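Beneath this line is the structure, given in structure tokens, with notes to follow.
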Amino acid sequence: MQIALTSTQAAWKQVYQDALFELDPNDLLAKLKVAERAIDERLDEVLSGGATDRRELTELQEAKRTIVFLRRQEQPIQTAVK
């Protein structure tokens, strides 16, 4: 049984995917920043909402770690390219 995603669930996932699949290094850091902001906002909603969806909470935490990792990997490249 598939449960419909709320608009905020779908929103953070979409911007996160957009960042993950960005191939242009000039656009990647900006998209990572937007995705991180969307994830942080959704984390706040989930954590303050009382009824915590453990699966989404885990997805959000993993997505946040992935973004932090990618940003750390990308920044040395960005400074070397300039």
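Rule-based calculations on the coordinates, nothing more; no lab input. Keep in mind that what you see is a predicted model, and the values were worked out from it rather than measured. Note: ideal-geometry Cβ built from the backbone for every residue, glycine included; neighbour counts use all protein chains shown.
Ser7: net charge of surrounding residues, Cβ under 13 Å, Lys/Arg +1, Asp/Glu -1, itself excluded?
Summing Lys and Arg as +1 and Asp and Glu as -1 gives 0.
Need the list of aspartates and glutamates near Lys64 for cross-linking: C-alpha distance under 17 angstrom, and skip anything on the same chain fewer than eight residues off.
Partners found: Asp18, Glu22, Glu36, Asp40, Glu41, Asp44, Glu45, Asp53, Glu56, Glu74.
Two decimals, Cα atoms only, Kirkwood Rh: what is Rg/Rh over region 9-81? Working shown, then result.
Details: Rg = 13.2 Å, Rh = 12.7 Å.
Taking Rh as the inverse mean 1/r over Cα pairs, Rg/Rh reads 1.04.
Quick check: pseudo-label points 7 Å beyond the Cα along Cα→Cβ at Thr8 and Glu74, how many nm apart are they?
2.5 nm
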